[in-house]
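Okay, so here's the structure we're looking at.
We did not get these values from a lab; they are worked out from the coordinates using the rules stated. This one's a predicted model, so the numbers in the text were calculated from it and none came from an experiment. Please note: Cβ atoms are built from the backbone with ideal geometry, for glycine as well, and neighbour counts cover all protein chains shown.
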């Protein structure tokens, strides 16, 4: 299915591996011009080489760290300049350290909020005005299933990602009449380096905990992000879609 976004311009944050790279790959395969960022120049070069195998449009790799407000703003500004404008923004960042309430000091909350809430706000503040001016835009943020189903021992992620979900919903309502859609995608367990590090490299137990019996693949997750960026998804906004192999068990 042609998604109708060939030639569009996308900035995908933290996309040197995992779900960010999966999203960038899916967009590049649709003919979208893509700018991605990462902190490590070598990993960034590897990701760009991977993307160029799949791309029919331009690919730009930008060294940057979106874990701070300044870094997030700089990435979107540099991506907009490199691409000659911006149509699609995919906010994304790694997760904060694990820990429960008793083991987590107050000083840990502000860095977590900057990483998973304020960085997204900053990216949107740079990107959205231009999208509104051109009366077309897509924001698809990568968050977490933890927003819907908070696990124990992840209080920083649960808190910050719930906040960014509220921000995205509010933004969606404010810009809906301007030709923009704003959505988030909430991944469950996917076969990424982060999940491997959390399980000591053995993903057997993680897969067994998913009702589907397998872990998600980053490329399949990326296809969902690309669809939400498409012309076909023009009437979907303010949504928070869980992509989790059935792990979310509530009715709503």
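What is the gain in length, in nm to one decimal, between residue 102 and residue 208 on full extension, counting 0.36 nm per residue of separation less the C-alpha to C-alpha distance? If you can, show how the numbers build up before the last one.
Numbers: separation 106, 0.36 × 106 = 38.16 nm, distance 2.96 nm.
The residue 102-residue 208 span can extend by a further 35.2 nm.
By how many degrees, between 0 and 90 and to the nearest 10, does the Cα long axis of helix 119-134 differ from the longest principal axis of the chain?
So the inclination is approximately 30 degrees.
Got a sec? How would 221, 227 order by Cβ neighbour count within 10 Å, fewest to most?
Working: 221 24, 227 19.
Neighbour counts put them in this order, fewest first: 227, 221.
Which of 102, 119 has the fewest other C-beta atoms within 10 Å, and how do the rest follow up to the most? Intermediate values should be presented prior to the final figure.
Values: 102 6, 119 28.
Ordered by Cβ neighbours within 10 Å, fewest first: 102, 119.
Once the piece of chain linking residue 53 and residue 81 is laid out straight, how much longer is it, given 0.36 nm per residue of separation minus the C-alpha distance between them? Kindly include the intermediate steps, with their values, before the conclusion.
On the way: separation 28, 0.36 × 28 = 10.08 nm, distance 2.33 nm.
Here the answer is 7.7 nm.
For the residue pair residue 235 and residue 176, what label-to-label distance in nm results when each label sits 7 Å from Cα along the Cα-to-beta-carbon direction?
1.3 nm
Taking R0 as 35 Å, what FRET efficiency do you get between residue 251 and residue 40 from their Cβ-Cβ distance, rounded to the nearest 0.05? Present the calculation step by step, with values, prior to reporting the outcome.
Numbers: r = 42 Å, r/R0 = 1.20.
So the FRET efficiency works out to roughly 0.25.
Please list log₁₀ I(q)/I(0) at q = 0.14 Å⁻¹ for the chain, using the Debye equation with identical point scatterers on the alpha-carbon positions.
-0.89
Once you sort the root eigenvalues of the Cα gyration tensor of the range 107-219 as a ≥ b ≥ c, which label holds: rounded (a/c under 1.5), prolate (a/b larger than b/c) or oblate (the other case)?
Details: a/c = 2.57, a/b = 1.76, b/c = 1.46.
Prolate, since a/c reaches 1.5 and a/b exceeds b/c.
When only C-alpha pairs under 8 Å and at least 6 residues apart count, what is the relative contact order of the range 9-243, in percent? Let's see the in-between values first.
On the way: 485 pairs, mean separation 51.0, N = 235.
Here the relative contact order equals 22 percent.
Among 5, 142, 236, rank each residue by its count of other Cβ atoms within 10 Å, from fewest to most, as a rough exposure measure. Intermediate values should be presented prior to the final figure.
Working: 5 22, 142 27, 236 15.
Lowest count first: 236, 5, 142.
Name the most mobile residue of 15, 112, 209, meaning the one with the largest mean-square fluctuation, in a Gaussian network model of the chain with Cα contacts below 10 Å.
Of 15, 112, 209, the Gaussian network model singles out 209 as fluctuating most.
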